[in-house]
Protein chains: 2
Amino acid sequence: MIFACHLQERFQRAVGEGDLPAGTDPGLLARYLMTVGNGIAVQAAGGATRDDLQMVADMALRQWPST
Amino acid sequence: MIFACHLQERFQRAVGEGDLPAGTDPGLLARYLMTVGNGIAVQAAGGATRDDLQMVADMALRQWPST
């Protein structure tokens, strides 16, 4: 899971730099993003449209931690 | 996508009965739930633990529409 590790490191850095709130769990955030991405890939392979999946992505990001 | 259709119909009913807010999009909510579920299945196949995926599911449901 190399890409997930890179994501986690980047989110850790973002917490350190104040771009993500101090209480953010970088590992969970990375896992969440990968999970949604995997799910979108499955849905796309199953024939979901770009517009449908854009709305899903928007919904998934609605509770992204903000400073 | 039979199961997604059942979900959409159930969410539509929930909107009608006031169990989901009036502005809820039943189709989007069904698609979102299927996408997260697909992603969790991919992560599980890749070796993610139950605890990890429980946290992802909790995070995905944090912005579930409530009345």
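The values are calculated or read from the model by the stated rules, or taken from the named source; none is laboratory data. Remember, it's a predicted structure, so these values are computed and weren't measured experimentally. Cβ atoms come from the backbone with ideal geometry, glycine included; neighbour counts cover every protein chain shown. Heavy atoms of the whole protein, side chains included, go into the accessibility calculation; ligands, DNA and RNA do not. Shrake-Rupley method; radii C 1.70, N 1.55, O 1.52, S 1.80 Å.
Would it be correct to say that B:M59 is open to solvent by 30 Å² or more (accessible area, probe 1.4 Å), of a type outside the set (S, T, Y) and free of Cβ contacts under 8 Å to residues at least 40 places away in the same chain? Judged against the criteria, B:M59 is not a match. Is it true that B:Q54 is open to solvent by less than 40 Å² (accessible area, probe 1.4 Å), assigned to a helix (DSSP H, G or I) and either within 10 Å of another protein chain (Cβ to nearest Cβ) or out of contact with any helix residue (DSSP H, G or I) (no Cβ under 8 Å at 6 or more places or on another chain) (or both)? The answer is no for B:Q54. When restricted to residues that are in a helix (DSSP H, G or I) and either touching a helix residue (DSSP H, G or I) at 6+ places or on another chain (Cβ under 8 Å) or hydrophobic (A, V, I, L, M, F, W, C) (or both), the range B:16-49 contains 20. All of (1) at pLDDT below 95; (2) open to solvent by 40 Å² or more (accessible area, probe 1.4 Å); (3) outside any loop (DSSP other than H, G, I, E, B) hold for A:R13 with one exception: (1).
Among B:T67, B:T35, B:T49, which is the only one that is open to solvent by less than 30 Å² (accessible area, probe 1.4 Å) and of a type in the set (S, T, N, Q)?
On the way: B:T67 fails: open to solvent by less than 30 Å² (accessible area, probe 1.4 Å); B:T49 fails: open to solvent by less than 30 Å² (accessible area, probe 1.4 Å).
It is B:T35.
When the range B:15-51 is limited to residues that are more than 9 Å from chain A (Cβ to nearest Cβ) and under 14 Å from the mean Cα position of the chain (by Cα), the one that is farthest from A:L53 (Cα to Cα) turns out to be B:L20.
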